[in-house]
Amino acid sequence: MDTCTCAMELLGMLLFIGAWVCTLVTTILPQWLTMSTALLPIESYDLGLWETCVVQDVGGMECRAYDSLLGLSRDLKMARIFMCSSLGVGFLGILTTVPGLYVINTCKDQEEVRTKRVMTVIGGVLGIVAGVLCLIPVCYMAHMAVVHFFDDKVPDVVPRWEFGDALYCGWPIDMLPWESNVLCYSDCTENVVA
């Protein structure tokens, strides 16, 4: 194995781990949706998967966790499930990929090398699935924010939810597993077939 391929695999693995960490941060961030009112311009509200926050202009931020799972909206429950599933599948993909890297020397014969490559490909597929599982709630929450923002039944003076920082973090994160797969698994097909 040449050093260029090993370097690409390590870079791909770092991207994969970075995507998982960023997915975790997106899941924890309380800024999925934000709302600023014209009546009270010194305060804005943030809606997250786990808590809601009131942010004041002077720098204070007061957050409160949701009291009950049963009281949550269907959208938040769905987003929680998909984001936690994405974290679980992504972590499983990382655990599957690491033993398959060429820098981990555990193989003695050709059959074990083939097994390593298959494990790496399975880890890559799990990474892509984790990215799709993260993309679903991010896009759905953005869609619901747009639908409610342009609802003609609501008067213009009523404040509306807008995109928060977590949504802007979630969209590029979903591309990291694809990029890591291109780097990490570019030579897998020829090694599995050979």
Using modelled amide H (1.01 Å from N, peptide plane; none on Pro or chain starts), what sits under 5 Å from the amide H of Arg160, excluding residues fewer than 5 places away? Ser36
Going residue by residue through segment 141-156, the Karplus relation 6.51 cos²θ - 1.76 cosθ + 1.60 with θ = phi - 60° gives ³J(HN,Hα) values, rounded to whole Hz and with x marking Gly or Pro, of 5, 5, 4, 5, 5, 5, 4, 6, 5, 9, 6, 6, 6, 8, x, 5
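Might you tell me the accessible area per residue for the chain, computed with a 1.4 Å probe and given in Å²?
56
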Could you go through segment 55-72 in sequence order and give the Karplus-derived ³J(HN,Hα) for each residue, using 6.51 cos²θ - 1.76 cosθ + 1.60 with θ = phi - 60°, rounded to whole Hz, and x for Gly and Pro? 10, 9, 4, 6, x, x, 9, 10, 10, 9, 6, 5, 6, 9, 5, 5, x, 6
Express the carbon and sulfur contribution to the solvent-accessible surface of the chain as a percent, rounded to the nearest whole number, probe 1.4 angstrom. 69
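Could you give the dipole magnitude of segment 1-105 about its Cα centre, charging the beta-carbon of Lys and Arg +1 and that of Asp and Glu -1, in debye to the nearest 20? Before the final figure, lay out the partial values.
Details: 4 positive and 9 negative charges, 67 e Å.
Taking the Cα centre of segment 1-105 as origin, the dipole is about 320 debye.
I want the local charge near Cys22. Using Cβ-Cβ distances under 15 Å, sum +1 for each Lys or Arg and -1 for each Asp or Glu among the other residues.
Values: positive: none; negative: Asp165, Asp174, Glu179.
Local net charge: -3.
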Exposure rule at most 16 other beta-carbon atoms within 10 Å, DSSP loop trypsin sites (Lys or Arg not before Pro): the chain longest free segment: 1-107
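The values are calculated or read from the model by the stated rules, or taken from the named source; none is laboratory data. Computed from a prediction, not measured in an experiment: that's the story for all the values here. Don't worry about glycine lacking a Cβ; one is built from the backbone with ideal geometry, like all the others, and counts go over all protein chains shown. Protein only, heavy atoms only, side chains kept; ligands, DNA and RNA dropped before computing areas. Shrake-Rupley method; radii C 1.70, N 1.55, O 1.52, S 1.80 Å.
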